[in-house]
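The values are calculated or read from the model by the stated rules, or taken from the named source; none is laboratory data. Model, not experiment: these values are computed from the prediction. Counting neighbours? That spans all protein chains shown, and the Cβs are built from the backbone with ideal geometry, glycine included. Ligands, DNA and RNA are excluded from the accessible area calculation, which covers all protein heavy atoms including side chains. Shrake-Rupley method; radii C 1.70, N 1.55, O 1.52, S 1.80 Å.
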Amino acid sequence: IADRSGSAAYPLAARSAAGGLSGPSWRIRVDAERKDNGVYDRGNIIGIDGMALEGDDEFDMFEPPLIGSGAVSLGFETPDGVNAYDVRPNRETERVGTMVLRTPEPRIEITLRLTGIETTGQPVYLFDLDTRTVARLEDGEQLTVNSRNGVRRFRLVIGSESFVEQNSDGISLVPKTTALHQNFP
């Protein structure tokens, strides 16, 4: 295994001795696509793995900045910035990640598609930190969101109902309103 420079920075023997290489592993993929021009940011990953380390390692990848008009960027906040891939050690199977969606222009409709949810073996919730709403997600689900002022933040919470409530940022899991949307195949 090599780091981004190609050197053998994290030998498997050291990982094995440290207790890596075992336990649960899962990944959720999040794709974002602009409805106005079809530009997309695909393959953003949040997950856990027995070989992952705390902080940046070969399982993580920095999300590049937005370039030019008509772009879209999606990533997960970390202490070091925003990553397109954010995979953490599997010491805990429950996970919280803050997802950041960016567009250079305001008020752009974006389709978010989430896959791999079934691999977690637990409920997955998406909290919209701007509208203070929540959705329990199913695998392959597509959501349409507006980029508002060009930056939107969401909290993706994977875990038991009590874990989700503890990490809800004060947003209630009980719906206050109901809505009927177009059916999804």
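State which residue pairs qualify: first residue without any contact (Cβ under 8 Å) to a residue 40 or more places away in the chain and inside the stretch 135-151, second residue open to solvent by 30 Å² or more (accessible area, probe 1.4 Å) and in a loop (DSSP other than H, G, I, E, B) in any location, beta carbons under 7 Å apart, and separation of 6 or more residues or different chains.
Cβ pairs passing all conditions: R136/P123; N146/R107.
Of the residues that sit in the stretch 96-109 and are in contact (Cβ under 8 Å) with a residue 60 or more places away in the chain and open to solvent by 40 Å² or more (accessible area, probe 1.4 Å), which one is farthest from D31 (Cα to Cα)?
So, considering only residues that are in contact (Cβ under 8 Å) with a residue 60 or more places away in the chain and open to solvent by 40 Å² or more (accessible area, probe 1.4 Å), the one farthest from D31 (Cα to Cα) is V96.
For T93, state whether it is at pLDDT 95 or above, among the hydroxyl-bearing types (S, T, Y) and surrounded by fewer than 20 Cβ atoms within 10 Å (Cβ to Cβ).
Taking the combined requirement at face value, the residue does not satisfy it.
Can L156 be described as farther than 28 Å from D57 by Cα and either modelled with pLDDT under 95 or of a type in the set (A, V, I, L, M) (or both)?
No, not satisfied.
Tally up the residues in the stretch 76-89 that are over 26 Å from I108 (Cβ atoms) and surrounded by fewer than 20 Cβ atoms within 10 Å (Cβ to Cβ), please.
Of the residues in that region, 3 qualify.
Given the residues G159, G150, which is the only one that is touching a Lys or Arg at 6+ places or on another chain (Cβ under 8 Å) and over 16 Å from I28 (Cβ atoms)?
G150
Six or more apart or on different chains, Cβ atoms under 8 Å: show the pairs whose first residue is in the stretch 163-185 and over 19 Å from R132 (Cβ atoms) and whose second is modelled with pLDDT of 75 or more.
Taking only residues 6 or more apart or on different chains, the pairs are F163/E94; F163/V157; F184/E141; F184/Q142.
Just wondering, is there one or more residues in the stretch 61-73 that are within 15 Å of the chain's Cα centre (by Cα) and farther than 16 Å from V151 by Cα?
Checked against the condition, which is being within 15 Å of the chain's Cα centre (by Cα) and farther than 16 Å from V151 by Cα, the stretch 61-73 yields at least one hit.
Only residues that are of a type in the set (K, R) and outside any loop (DSSP other than H, G, I, E, B): list them for the stretch 120-141, please.
R136
Out of L137, L112, L126, L156, which single residue is surrounded by 13 or more Cβ atoms within 10 Å (Cβ to Cβ), within 16 Å of G97 (Cα to Cα) and in contact with a Gly (Cβ under 7 Å, 6 or more places away or on another chain)?
Values: L137 fails: in contact with a Gly (Cβ under 7 Å, 6 or more places away or on another chain); L112 fails: in contact with a Gly (Cβ under 7 Å, 6 or more places away or on another chain); L126 fails: in contact with a Gly (Cβ under 7 Å, 6 or more places away or on another chain).
Step by step, each of L137, L112, L126, L156 is checked, and only L156 is surrounded by 13 or more Cβ atoms within 10 Å (Cβ to Cβ), within 16 Å of G97 (Cα to Cα) and in contact with a Gly (Cβ under 7 Å, 6 or more places away or on another chain).
What number of residues in the stretch 42-75 are in a strand (DSSP E or B) and either of a type in the set (A, V, I, L, M) or within 22 Å of I110 (Cα to Cα) (or both)? So that I can check it myself, show each step before the final result.
In the first step, residues of the stretch 42-75 are kept if they are in a strand (DSSP E or B); the result is 42-49, 61-62, 73-75.
Narrowing the set further to residues that are either of a type in the set (A, V, I, L, M) or within 22 Å of I110 (Cα to Cα) (or both) leaves 42-46, 48, 61-62, 73-75.
Residues meeting the conditions: 11.
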